[in-house]
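> Please see the structure below; I have some questions.
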Amino acid sequence: MSNYLIDSLSKGLLLTDINKEIILIGLISDTHIPSRGLKVPELIINDFKKNKVDYIFHLGDHTTFKTHKYFVETFGKEKIISVAGNMDDMSISRVLPKKRDIEILGYKIFLTHGEGGPQGIIERLNRKFDLRTFDIIVFGHTHKPFKEKRNGKYYFNPGAPTDRKFTNLNSYAYLKLTKDKIDFQIIYI
């Protein structure tokens, strides 16, 4: 039996046969290129390549379309699943949605950037979106890594890899899925 990645909020239904028992997803957010860094740290790109990620979820605030394009050119369009953030310019906001609803290996996953201050972001996400049917909620915006299981749902944030203004820790993350297990690993740089 095949497993499917279903993205219901792109321009039509996307079905990709993934026929794998383990899915490894690289998570990155708030790259803010070029305002917080000249480019995405090569260490992250090399680590995603070395670990042979199946997908990369970028959770917004690329800032310019050039950053999104870099990920697509480096890893391939079929591997990059991104949302727009509050600091993304119009070239990104016109192309990427603010949220995505994805199913992988039977897990319903919700992707969004987030908004407002870091305090209370989980409550805001639940007020703004109907997250009752989701198993995993992945967001950015706070620039701080976050991992919590609350009311049977997993909430993950990979942090920010380039910022030193709103955080003293830079990070990205991995989400590893099997039919029986959800594993989230924060990588500090």
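The values are calculated or read from the model by the stated rules, or taken from the named source; none is laboratory data. Computed from a predicted model, the values in this text were never measured in an experiment. Heads up, the Cβs are rebuilt from the backbone with ideal geometry, glycines too, and the neighbour counts pull from every protein chain shown.
> Give ILE81, ILE104, ILE92 a once-over and let me know the one that is on the phi < 0 side of the Ramachandran plot, without any contact (Cβ under 8 Å) to a residue 60 or more places away in the chain and either crowded, with 16+ Cβ neighbours inside 10 Å or not polar (S, T, N, Q) (or both).
After ruling out the rest, the residue left standing is ILE92.
> A further question on this structure: Here are the criteria: (1) within 26 Å of ASN168 (Cα to Cα); (2) at pLDDT below 95; (3) hydroxyl-bearing (Ser, Thr, Tyr). Tell me which single one SER93 does not satisfy.
(1)
> Could you give every pair whose Cβ atoms fall below 9 Å, whose first residue belongs to region 13-27 and is more than 18 Å from LYS179 (Cα to Cα) and surrounded by 14 or more Cβ atoms within 10 Å (Cβ to Cβ), and whose second residue is aromatic (Phe, Trp, Tyr) and at pLDDT below 50, counting only separations of at least 6 or pairs across chains?
Note: no pairs meet the criteria.
> Would you check if GLY117 is among the small types (Gly, Ala, Ser), under 19 Å from ASP163 (Cα atoms) and surrounded by fewer than 14 Cβ atoms within 10 Å (Cβ to Cβ)?
yes
> Same structure again: Take GLY114 and tell me if it is closer than 21 Å to ILE28 by Cβ, in contact with a Phe, Trp or Tyr (Cβ under 6 Å, 6 or more places away or on another chain) and in a loop (DSSP other than H, G, I, E, B).
Yes.
> Then there is this: For LEU43, all conditions in the list (1) more than 24 Å from THR178 (Cα to Cα); (2) within 16 Å of the chain's Cα centre (by Cα); (3) at pLDDT 95 or above; (4) not acidic (Asp, Glu) hold save one; what is the number of the exception?
Here LEU43 clears every test but (2).
> Test each condition in (1) part of a strand (DSSP E or B); (2) free of Cβ contacts under 8 Å to residues at least 12 places away in the same chain for LEU38 and report the one that comes out false.
(1)
> If you scan region 123-153, which residues turn out to be outside any strand (DSSP E or B), surrounded by 13 or more Cβ atoms within 10 Å (Cβ to Cβ) and among the β-branched types (Val, Ile, Thr)?
Answer for region 123-153, where residues must be outside any strand (DSSP E or B), surrounded by 13 or more Cβ atoms within 10 Å (Cβ to Cβ) and among the β-branched types (Val, Ile, Thr): just THR142.
> Residue by residue through region 154-189, note down the ones that are surrounded by 18 or more Cβ atoms within 10 Å (Cβ to Cβ), modelled with pLDDT of 95 or more and of a type in the set (S, T, N, Q).
The answer is ASN157, SER171.
> Would you mind telling me which numbered condition in (1) out of contact with any Lys or Arg (no Cβ under 9 Å at 6 or more places or on another chain); (2) within 27 Å of ASN46 (Cα to Cα) ALA173 fails?
Unmet for ALA173, out of (1) out of contact with any Lys or Arg (no Cβ under 9 Å at 6 or more places or on another chain); (2) within 27 Å of ASN46 (Cα to Cα): (1).
> Please state which one of LYS144, LYS179, LYS165 is over 19 Å from LYS108 (Cα atoms), touching a residue at least 60 places away in the same chain (Cβ under 8 Å) and among the basic types (Lys, Arg).
Every option except LYS165 fails the conditions.
> Select from region 122-149 the residues that are under 18 Å from ILE28 (Cβ atoms) and β-branched (Val, Ile, Thr) and write down the one among them that is farthest from the chain's Cα centre (by Cα).
The extreme case among them is THR142.
> Now a separate question. I'd like the full set of residues that are outside any loop (DSSP other than H, G, I, E, B) and surrounded by fewer than 20 Cβ atoms within 10 Å (Cβ to Cβ), limited to region 41-68.
GLU42, LEU43, ILE45, ASN46, ASP47, LYS49, LYS50, PHE65, LYS66
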